[in-house]
Amino acid sequence: MYKLTLIIRYLLKRRITHFAIAAVALCVFIVVVVMTVMAGLVGDFKQKNHDFVGDCVVGTDSLVGFPYYEQFMERLEQSGLVAGMSPVVKNYALLTVVDHDFKLGVEILGIDPALQCRTTNFGQTLHFRAAEPERAFQPIYEPNALGCVWGIDMILPRNAQSQYSYGVRPPKLAVTLTCFPLNAKGAPAGAGSNLFRPQTFLYSDYSHTGIARVDGNLVYIPLEQAQLLCMSGQQKRVTAIHILFRPGVGIAEGTRQVADLWAQFKKAQADAPYSELLDIVTVQDWKRYRRAFIAPMEKEQALLSLMFVLVGLTTVFIVFVVFYMIVVNKRRDIGVLKSVGASNVSVLLLFSGFAFSVGLIGSCVGTLAGWLFLARINRIEQWLYEHFGWQLWDRTIYAIGDIPSRIEPEVIAIIVGSAVAACVIGALIPSYLAARLRPVETLHAVRT
Amino acid sequence: MSQLPVILKAENVHKSYRMGATRVHVLKGADLAVREGEFVAIIGASGSGKSTFLHVLGGLDRPDKGVVSFNGRDLNRVGARELNRFRNERVGFVFQFYHLLDELSVLENVLLPAMVSRSVLGWITSRRAVRKRAEALLDQLGLRERAGHKPYQLSGGERQRVAIGRALMNEPKLLLADEPTGNLDSATGNGILNVFETLNRAGQTIVMVTHDERIARKAQRIVTLADGRARRLEA
């Protein structure tokens, strides 16, 4: 009982304890805010990438692509695994705005908009055709013309609030896309005569995925046009099939089953012409397929976590110093407690419990402060921008909307648990020293 | 008195300490027998080892050699847990510098030994009775009105009376006092000695350490500690 009483009194009366609580609260506050923002950015970025490609991708990095994709899609359909499939052709092209002296190297993605909408969030990224995304390539101002969809950052500037100034209709703009068509052997299809293959499209819509690299560099065109522009040969080819699994099919399990199906399919096509193109096709879940983009952010997050381990070590050291001072200051009290029968373990528990309380209170204060700050972080940033012109991220450059501020309970639980553990660890040596103190050493400075 | 049983006995107690590079042999075969209800004063010059002897008698320290027994039980042979219980239930200490906990009120300081021996649950069930006992002690010591005060708000004499209350909280058989008046003026010190006399008259066994022969005369028996041995017994 005395432990509880003394812990409460030490917490209330000792000013040095308040400093320890403040130090813990500050550390927790910083970690909560930075980890929430970072985790939010990474989580948001992953979700956007997931939405962009679907659950699984059967594809190749080769621009030559692979044939027989329609047969494989039939197999997938029969397997009952998939809710949506979309064959795509990825390639690169030179974009020239007709009647303007503007040329740009872009990435092109040939898609069937209806299939792509069933598999990815393509439809939701459109602006003018969001309600009828299957008509994404029909320009509103000329529905019978061949249209293309641009990544929004290629044409619209963002303001400081990360908002775009959409017009009522898409601008009437004609662009020519010029590609190098490749045959099934990977050689330029029109060598000697028609090395380049141009095609003119009308601008039909913007696509806003929220992925800077996509929105700033990608032009969607109809799948069959992409096949004509980029490929030649008797067998139609694609570079990837995006897959969305049915509800209840886990991504890892679904990907494994698709890989099995692909292996069987490849075997069955072994004698077909250009079957060697099937050998370089891989089956990957969305995360693996987009790892080149996701991994750097995850590494940054890991690095940040490592830095916070150092913050944690600092907390341990602060608590160690504070508790060492308290124990030195309380040597006589410890002697008194032992003279009235308190055991070594009991004294150890007293100071460990005290440290636990410091950690818990500090963590709660830090978390509360972090929560209050995060709840207002976008308003604070807005205020800073309005009054001082300062922004955490320049929205005209970075594809970030609001600063993420959603607190994850699991993250908070880990941070609070770590802070409490850091306090207990920091107090362990002083508590042990306190427990080991011999009462005669503390009650009598000079023995007589 | 002589027919009452011996409750505390020290035989051939040796104790030495390392002070820097040298080893100081403080107790060199000290003996003492205290009967139940006795008031014994241990007197000796500064550095004679009287406080060390008192700590050994109260189980705060263990002798290097020799036997200290309480009610026939050798304190050297009991484990740490038992020794803690001994200090909590059988013996009460009063120190020269009171050693009260500043974070606790006067009442809580007196309650401390009772709190140490009880868990939270045990405390809840016995709180009323224990509190009543502490209040009665404060009443007896003339500190009823000071129950809610903090130690630093009290005078030296009041603090020492609180320390006596704390020592008596668990109704120990033996009260050990280490220079209880050493930090008080003579009038206040006499007041404390009167408290001891009153307690002793009520049957409390007391062993008091002092360097002042005048104070020691308040006891029924005086033991002089010199050269690490109890040399002379006085009635």
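The values are calculated or read from the model by the stated rules, or taken from the named source; none is laboratory data. Owing to the predicted nature of the structure, the values given are computational and were not obtained by experimental measurement. Cβ atoms come from the backbone with ideal geometry, glycine included; neighbour counts cover every protein chain shown.
Exactly one residue out of B:Leu101, B:Leu83, B:Leu112 is at pLDDT 90 or above, out of contact with any strand residue (DSSP E or B) (no Cβ under 8 Å at 6 or more places or on another chain) and more than 7 Å from chain A (Cβ to nearest Cβ), and it is B:Leu83.
Just one residue in the set A:Glu386, A:Glu410 is over 27 Å from the mean Cα position of the chain (by Cα), over 24 Å from B:Leu111 (Cβ atoms) and either free of Cβ contacts under 8 Å to residues at least 40 places away in the same chain or not assigned by TED's automatic domain parsing to the domain that holds A:Ala435 (or both); that residue is A:Glu386. If I filter the range A:36-51 for residues that are touching a Phe, Trp or Tyr at 6+ places or on another chain (Cβ under 7 Å) and away from chain B (no Cβ under 14 Å), do I get at least one hit? Checked against the condition, which is being touching a Phe, Trp or Tyr at 6+ places or on another chain (Cβ under 7 Å) and away from chain B (no Cβ under 14 Å), the range A:36-51 yields at least one hit.
Where helices (runs of 4 or more DSSP H) fall wholly inside the range B:122-229, the ranges with 3 or more residues that are crowded, with 17+ Cβ neighbours inside 10 Å and touching a helix residue (DSSP H, G or I) at 6+ places or on another chain (Cβ under 8 Å) are B:156-168, B:186-201.
Restricting the first member to the range A:282-308 and to residues that are within 13 Å of A:His242 (Cα to Cα) and at pLDDT 90 or above, and the second to residues that are in a helix (DSSP H, G or I) and of a type in the set (Phe, Trp, Tyr), the beta-carbon pairs closer than 9 Å and six or more apart or on different chains are A:Thr282/A:Trp262; A:Thr282/A:Tyr289; A:Val283/A:Trp262; A:Trp286/A:Phe52; A:Arg290/A:Phe52. Among the residues making up the range A:333-391, those that are over 18 Å from A:Gly417 (Cα atoms), more than 14 Å from chain B (Cβ to nearest Cβ) and among the small types (Gly, Ala, Ser) are A:Ala375, A:Gly389. Residue pairs whose Cβ atoms lie under 9 Å apart, sitting 6 or more positions apart in sequence or on different chains, and linking a residue in the range B:125-151 that is within 10 Å of B:Val162 (Cα to Cα) and modelled with pLDDT under 95 to a partner that is of a type in the set (S, T, N, Q) and in a helix (DSSP H, G or I), are B:Arg146/B:Gln153; B:Pro151/B:Asn109.
Listed here are the residues, each with its yes/no results for (1) farther than 17 Å from A:Pro87 by Cα; (2) part of a loop (DSSP other than H, G, I, E, B); (3) over 32 Å from the mean Cα position of the chain (by Cα); (4) not small (Gly, Ala, Ser).
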site: A:Arg129; (1), (2), (3), (4): yes, yes, no, yes
site: A:Pro139; (1), (2), (3), (4): yes, yes, yes, yes
site: A:Asp153; (1), (2), (3), (4): yes, no, no, yes
site: A:Val168; (1), (2), (3), (4): yes, yes, yes, yes
site: A:Pro171; (1), (2), (3), (4): yes, yes, yes, yes
site: A:Thr176; (1), (2), (3), (4): yes, no, yes, yes
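Scanning the range B:86-98 for residues that are facing another protein chain (nearest Cβ under 8 Å), under 11 Å from the mean Cα position of the chain (by Cα) and in a helix (DSSP H, G or I) yields a total of 1.
The condition of being on the phi < 0 side of the Ramachandran plot and within 14 Å of another protein chain (Cβ to nearest Cβ) holds for only one of A:Arg14, A:Arg75, that being A:Arg14. In the range A:109-133, the residues that are free of Cβ contacts under 8 Å to residues at least 40 places away in the same chain reach residues that are assigned to a helix (DSSP H, G or I) and of a type in the set (Val, Ile, Thr) with C-beta atoms within less than 9 angstrom, at least six apart or across chains, in these pairs: A:Pro133/A:Thr125. Among the residues of the range A:100-120, those identified as in contact with a helix residue (DSSP H, G or I) (Cβ under 7 Å, 6 or more places away or on another chain) and buried (at least 20 other Cβ atoms within 10 Å of the Cβ) are A:Ile108, A:Gly110, A:Ile111, A:Pro113, A:Gln116, A:Cys117, A:Thr120.
Of everything in the range B:36-47, what is surrounded by fewer than 23 Cβ atoms within 10 Å (Cβ to Cβ) and either facing chain A (nearest Cβ under 9 Å) or at pLDDT below 90 (or both)? Give them in sequence order. Residues satisfying the conditions are B:Ala45, B:Ser46, B:Gly47.
When every residue of the range A:290-309 is checked against the conditions, none turns out to be part of a helix (DSSP H, G or I), within 14 Å of another protein chain (Cβ to nearest Cβ) and not small (Gly, Ala, Ser). Kindly evaluate A:Phe354 against the criterion of being buried (at least 20 other Cβ atoms within 10 Å of the Cβ), farther than 13 Å from A:Thr315 by Cα and not hydroxyl-bearing (Ser, Thr, Tyr). Against the criterion (buried (at least 20 other Cβ atoms within 10 Å of the Cβ), farther than 13 Å from A:Thr315 by Cα and not hydroxyl-bearing (Ser, Thr, Tyr)), A:Phe354 qualifies.
The sole residue among A:Ser339, A:Ser343 that is within 30 Å of B:Glu171 (Cβ to Cβ) and in contact with a Gly (Cβ under 9 Å, 6 or more places away or on another chain) is A:Ser339. The residues of the range B:195-214 that are over 16 Å from the mean Cα position of the chain (by Cα), more than 15 Å from B:Ser48 (Cβ to Cβ) and of a type outside the set (Lys, Arg) amount to a single one, B:Ala202. Scanning the range B:53-74 for residues that are surrounded by fewer than 21 Cβ atoms within 10 Å (Cβ to Cβ), in contact with a helix residue (DSSP H, G or I) (Cβ under 8 Å, 6 or more places away or on another chain) and outside any loop (DSSP other than H, G, I, E, B) yields B:Val67, B:Ser69. Where helices (runs of 4 or more DSSP H) fall entirely within the range A:349-448, those with at least 2 residues that are within 30 Å of A:Val214 (Cβ to Cβ) and not hydroxyl-bearing (Ser, Thr, Tyr) are at A:377-388, A:409-436.
Taking the range A:322-338 as the range and being in contact (Cβ under 8 Å) with a residue 12 or more places away in the chain and of a type in the set (Val, Ile, Thr) as the test, the residues that pass are A:Val322, A:Ile326, A:Val327, A:Ile334, A:Val336.
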